[in-house]
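The values are calculated or read from the model by the stated rules, or taken from the named source; none is laboratory data. Everything numeric in this text was worked out from a predicted model, so none of it was measured. Glycine also receives a Cβ, built like all others from the backbone with ideal geometry; neighbour counts cover every protein chain displayed. SASA here: full protein model, heavy atoms, side chains in, ligands and nucleic acids out. Shrake-Rupley method; radii C 1.70, N 1.55, O 1.52, S 1.80 Å.
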Amino acid sequence: EAEKRGVAITNTPGLLTPRTVAEFAFANMLTLAKRLIEADRYIKTGKYSGWDPMILHGVQIEGKTLGIVGLGRIGNHMAQQAVKGFGMKVIYSDVVRNEKFEAEFGAVYQESVEEVLKEADFVSLHVPLLDSTRHLINKERLELMKPGAILVNTARGSVVDEAALVEALKSGRIRGGLFGCLRKRAKAR
């Protein structure tokens, strides 16, 4: 059909490797933790009038707990960056437990997504979009998250119930949530 309509189809193998996606997820986490979007807007709108130690405090990452939902190749790389680069603790939930990974990185397996959400300061989603993962993060699960937690989704957008996430952000229930499909609809906090 594409050929009939003159549409070129290409394949770019190796362009978005698991490491690349994990780096992007980590960059999103840092952006929210350090309030970079807010700081950029603050300066660009002329609100910055000079040094002030009380403005735009972010969240420290070192020593915090990163919860990973889906410890496949991308989640694995994300966890490695967290442990090796930032001294974070890692907890994870996956359909398959990875005891080798646990031993190597001190990660702790949680039997349910709910357990991860209750304990993690940061949550990073790395699951495929299936019927069982559609709206995996919904209103009820967002309410389980620690107050002030940060959610990063580099999985498919429909893994998170967008309306519930927007409400959790507006109410201040969680500190931030960021992923591609929400950028035009909700402010990252």
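Of all residues in region 43-95, those satisfying the criterion of being in contact (Cβ under 8 Å) with a residue 60 or more places away in the chain and either under 22 Å from residue 130 (Cβ atoms) or not in a loop (DSSP other than H, G, I, E, B) (or both) are 69, 70, 74.
Residues considered: 61, 91, 37, 55. Of these, the only one that is β-branched (Val, Ile, Thr) and more than 16 Å from residue 151 (Cβ to Cβ) is 55.
So residue 115 fits all but one of (1) at positive phi; (2) modelled with pLDDT of 95 or more; what number is the exception? Exception for residue 115: condition (1).
The residue that is most open to solvent (accessible area, probe 1.4 Å), among those in region 68-121 that are closer than 21 Å to residue 160 by Cα and in contact with a Pro (Cβ under 6 Å, 6 or more places away or on another chain), is 73. Residue 148 meets the conditions (1) surrounded by 15 or more Cβ atoms within 10 Å (Cβ to Cβ); (2) touching a residue at least 60 places away in the same chain (Cβ under 8 Å) in every case but one. The failed one is (1). Does region 13-30 contain at least one residue that is in contact (Cβ under 8 Å) with a residue 40 or more places away in the chain, over 30 Å from residue 132 (Cα atoms) and either outside any strand (DSSP E or B) or among the small types (Gly, Ala, Ser) (or both)? So far as region 13-30 goes, no, none of its residues is in contact (Cβ under 8 Å) with a residue 40 or more places away in the chain, over 30 Å from residue 132 (Cα atoms) and either outside any strand (DSSP E or B) or among the small types (Gly, Ala, Ser) (or both).
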